[in-house]
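Engineer: Below is the structure I would like to discuss, written out as C-alpha cells.
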Amino acid sequence: MAKPIRIGIIGSGGIAHAHIRQYKQIADVEIVAVADVIPGKAQQFVESLSLTDAQAFDSHRAMLELDLDGVSICTPNVSHHVTTVDALRAGKQVLLEKPMSVTLDEAIDMVQASKETGNMLTIGFQPRYDPNMKLVGDIVQSGKLGKVYYVETGGGRRRGMPGGTFISKALAGAGAMADIGCYSLDMALNALGYPRPLTVSAFTSNHFGTNPIHHPQASQFEVEDFGVALVRFENDLVLQFKISWAMHMDTLGSTMFLGSEGGLKVNPFGKGNWSGVWDGKVGDITLFHDFMGQQTSTPVPGIEHDKDLFFEKVRDFVDAVREGRPAPIPGEQILIQQAIIDGVLRSAEQRREVEIKLPY
Ligand SMILES: NC(=O)c1ccc[n+]([C@@H]2O[C@H](COP(=O)([O-])OP(=O)(O)OC[C@H]3O[C@@H](n4cnc5c(N)ncnc54)[C@H](O)[C@@H]3O)[C@@H](O)[C@H]2O)c1
C-alpha cells in the first residue's frame, strides 16, 4: 500500500473548506493538521468538519514542527509570504492559494526559499486545468497569429465585491487587481509563454466599495474595486488589462490576441454578475484571419469536459508530492505576474508609468 500523504492546512477560512473537500476525495491522503491565527478557530474547523485525525494549532509555526508532506496555504494574501517561506524552510511542499503575494520582493523571497530548500512551491490557479486554456495557449504558441503585438485581457463583475479580509489593505494588500486580475494575467501570460514585462502604467479606483449604497462595509473598504493597466514587454508586445469587482457595465470585453497574421478572441465562460473574470472555464474561441484574400472568422471548437478544476489542482499537487515531480504551476513563473501586480500598485499610487525590475 502507498504511504499516505500527510497534509496540513494553514488558514481555516472560506477556501480551506474547498481544499479539504478535494483532499478527502483523494486516496491515501490524510489531513493531519490545521492552523489558524485566530485562537480556537482551527479547533472549531477541525470539529465542524469531523477531521478526527487532525490536530489544531493557533500558530502555523507550531504546526510546521509536525512531520508533514505538504501544506495548503489558505490565508489572506498578505500572510502568503511568511507562511510559505516558513513552510518551505520547514521542509514541506507547498500549494499556495492565489495571488502568489502582494509585492514583488515577497515573491522573490518565496522563490528563493523554494530554490534553496529544493521544496516545491506551486500556485493554485485552477483554470489552468481547463483543457481549453491549454488550447488557447497552443493556438497562440503555434505561430498561426504571426507576431503577437497586442493583448487585451481582464474582465469584470457588474456587482461582485467581496468583504471581510478581501477589502482590508493590511490583510489583502490589494483589491480586484490582485484578487481576480491575477487570473486574467495568468490566462494571457501563460498563453504567451510568460514574456518579460518592462514597464506598467496603471489607474485604480474604488467608487463602489467606499459607497454605502453599494457595499455594507463601505467604511472599511481600503482597496481598489476597478483597475486598468498598460504593460509593455520585451519584443514589442503590449498588454492592456482591466478588472472590476463592480461597475455600471455588463462586460469589460473579451480577451484578444492581435498578431500580424491572425487574431484570437476568447470569451470567458458563463454570464451574470459574478462571471467573466477568468476564474473559471474558457468560453467561445474565435480565430480571425485572411484566407485566399477574404477576411474570415472561424469558431474554434472547444474541448468538452466535465473536469472539476479545483479538484484537478489539488490532485495534481498531491501527485507531484507523491511522485517527486516539480511544481505544476511554479512560483518562479508566477513571480513574473506578481512583478506586474506590484508595478500596477506602485504606478496607480504614483500616478505615472513605473519600471518593472525582475531579479533575473
Ligand atoms: N482559488 C480560488 O478559487 C480562491 C477562492 C477564494 C479565495 N482564494 C484565496 O484564498 C486565500 C484565503 O481566502 P479565504 O476566502 O479563505 O479568506 P478568509 O478570510 O475566509 O480565511 C483566511 C483565514 O486565514 C487565517 N489566517 C490569517 N493569517 C494566518 C496565519 N499567519 N496563519 C494561519 N492562519 C492565518 C485567518 O484567520 C482566516 O481564518 C486568499 O488569498 C484568496 O485570494 C482563492
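Engineer: If contacts are Cα pairs under 8 angstrom and at least 6 residues apart, what is the relative contact order of the chain in percent?
Structural biologist: Across the chain, relative contact order equals 19 percent.
Engineer: To continue, here is another question. On C-alpha positions alone, give me the angle between the axis of helix 104-117 and the longest principal axis of the chain, in degrees, nearest 10.
Structural biologist: Approximately 60 degrees, to the nearest 10.
Engineer: Let me spell out the model: positive unit charges on the Cβ of Lys and Arg, negative unit charges on the Cβ of Asp and Glu, origin at the Cα centre of segment 1-83. What dipole size does that give, in debye rounded to 20?
Structural biologist: Here the size comes out at about 200 debye.
Engineer: If all Cα-Cα distances of the chain are sorted into 20 Å bins from 0 onward, what percent lands in each bin, rounded to whole numbers?
Structural biologist: Calculated over all Cα pairs of the chain, the distribution is 29, 58, 12, 0 percent.
Engineer: Compute the convex hull volume of the Cα atoms of segment 44-196, divide it by the residue count, and report the result per residue in Å³ as a whole number.
Structural biologist: That works out to 165 Å³ per residue.
Engineer: Computed over the Cα atoms, what is the radius of gyration of segment 124-261 divided by 2.2 N^0.38 Å, N being its residue count?
Structural biologist: Normalised Rg, Cα atoms only: 1.13.
Engineer: To continue, here is another question. Placing unit charges on C-beta atoms (Lys and Arg positive, Asp and Glu negative, everything else neutral), compute the dipole magnitude of the chain about its Cα centre in debye, rounded to 20.
Structural biologist: I would put it at about 420 debye.
Engineer: How tilted is helix 14-24 with respect to the longest principal axis of the chain? Cα atoms for both, answer in degrees (0 to 90, nearest 10).
Structural biologist: Orientation of helix 14-24: about 70 degrees from the principal axis.
Engineer: Mind grabbing the base-10 log of I(q)/I(0) for segment 1-106 at q = 0.12, 0.17, 0.18, 0.22 Å⁻¹? Debye formula, identical points on the C-alpha positions, no solvent, two decimal places.
Structural biologist: -0.35, -0.71, -0.80, -1.19
Engineer: What angle, in degrees between 0 and 90 and rounded to the nearest 10, separates the Cα long axis of helix 80-89 from the longest principal axis of the Cα atoms of the chain?
Structural biologist: Here the helix axis deviates by roughly 60 degrees.
Engineer: Cα extents of segment 232-333 along the three principal axes, largest first, in whole Å?
Structural biologist: Largest to smallest, the principal-axis extents are 53, 36, 33 Å.
No value in this document is a laboratory result; all are computed from the given coordinates. Keep in mind it's a predicted model, so treat the numbers as computed, not measured. Note that each Cβ is placed from the backbone with ideal geometry, even for glycine, and that neighbours are counted across all protein chains shown.
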